[in-house]
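Values quoted throughout were computed directly from the atomic coordinates according to the rules given, and no laboratory measurement underlies them. Source: prediction; values computed, not measured. Using ideal geometry, Cβ is built from the backbone for each residue, glycine included, and neighbour counts are taken over all protein chains shown.
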Amino acid sequence: MGTIGIPVKLIHEAVGHVITVELKGGASYRGTLYDAEDNFNIAMKDITVTAPDGKQSHLENVYIRGNMLRFIIVPDMLQQAPMFKRIGPNAMKGRGIGSARGRATILRAQARRGRGGSSSSSGAFFTHPNNQAFLTCQQAIE
């Protein structure tokens, strides 16, 4: 089996903290998380349940199956959890523009090296509607 992902690590880190869970049915549960499994089955205590119609009730303990969850809200303090910290010699280095090997990165690198056109070609950046940067090379027509 592979490594466990950050969401699973985060839910385990949230054990002992007050979380809010919304279920697929629309009900929300707010209480203290005291057990979490890798498949997102969770056990909570001292819960305030808000039904989809707004009615509130209190439960002492509840066990929620992972496939019933829509989303989980964890405390902001977990942003400082160790899983979000970079460790090792490259901890302070950013990924920068050229770390990926997508088409746009390759085109940028080729344009910097002067490949892909005559000496009168120019490169221009523009932003795609989904905020991905692309490089276009316009070649002068002779």
Open item on the list: Let's test the formula: R0 of 35 Å, r as the Cβ-Cβ distance of ASP38 and ARG103. What FRET efficiency results, to the nearest 0.05?
Closed with: 0.45
Task: Restricting region 1-70 to chymotrypsin sites (Phe, Trp or Tyr not before Pro) in coil, as DSSP defines it, with at most 15 other Cβ within 10 Å - done: none
